[in-house]
1. For segment 82-203, just the Cα atoms, rotate onto the principal axes and tell me the three extents in Å, largest first.
2. Of all beta bridges DSSP finds with both residues in segment 2-200, what is the antiparallel percent, to the nearest 5?
3. Which value in Å is the Kirkwood Rh of segment 1-108 over different Cα pairs?
4. Just grab the label-to-label distance for residue 200 and residue 131, each label 7 Å out from Cα along the Cβ direction, in nm (one decimal).
5. Would you please classify the overall shape of segment 101-170 from the alpha carbon gyration tensor, given that a ≥ b ≥ c denote the square roots of the eigenvalues, rounded means a/c under 1.5, and beyond that prolate means a/b larger than b/c while oblate covers the rest?
6. Compute the whole-percent fraction of alpha carbon pairs in segment 7-49 spaced more than 11 Å apart.
7. For residue 96 and residue 49 in the same chain, what is the full-extension length gain: residue separation times 0.36 nm, less their Cα-Cα distance, in nm?
8. At R0 = 25 Å, how high is the FRET efficiency between residue 169 and residue 27 if r is their beta carbon distance? Nearest 0.05 is fine.
């Protein structure tokens, strides 16, 4: 299995999310081909006027790009190709201000390409990544349940993106570090959820 790990862990070795990611990789049941993208060390390129124009021209207009346009969009294409070649994607991050860190959204913008991960049929979008598995490991200070569940926009936004790409087999593992009285149980429960995902997906 080709596993792509995409991580944004700005706290480095002190990252709470790193503990979840390490638990995941250390408990895989079989050997896999693992590729890792560290968004801190290799930040994805933003769309600018040139790359956005090239994307629209090629992916929606079906027009061949010139050399300048091809070179401009190449970094985004490389991320997209890496993504679509994965059987399983593991996204590891902290929640920032109730949502995805900005750099993670930039990565998603790079890989969400028409004709690659989705297409349009008679004006209706159709996801192309139905064979992919996807798991998100994330942590936050707060725990947003019940009436406060709407504050967890990590899950809300990613569900929209994953559904749009046609990914049906996905999971979310979250742990809260804000309450010192139950932090151990929070992370123990999260690791049990990871173990269950590994077992269910036979990885």
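Each reported figure results from applying straightforward, stated rules to the coordinates on display, with no laboratory input. Quantities reported herein were computed from a predicted structural model and do not represent experimental measurements. In this analysis, Cβ positions are derived from the backbone assuming ideal geometry, glycine residues included, and neighbour counts consider all displayed protein chains.
1. Principal extents (Cα only, largest first): 53, 33, 25 Å.
2. Counting DSSP beta bridges with both partners in segment 2-200, the antiparallel share is about 15 percent.
3. Hydrodynamic radius (Kirkwood, Cα pairs) of segment 1-108 is 15.6 Å.
4. It works out to 2.2 nm between the two label points.
5. Numbers: a/c = 2.24, a/b = 1.94, b/c = 1.16.
Note, shape of segment 101-170 comes out prolate.
6. Numbers: 665 of 903 pairs.
The calculated P(r) of segment 7-49 puts 74 percent of pairs beyond 11 Å.
7. Between residue 96 and residue 49, full extension yields 14.2 nm more.
8. The calculated FRET efficiency here is 0.85.
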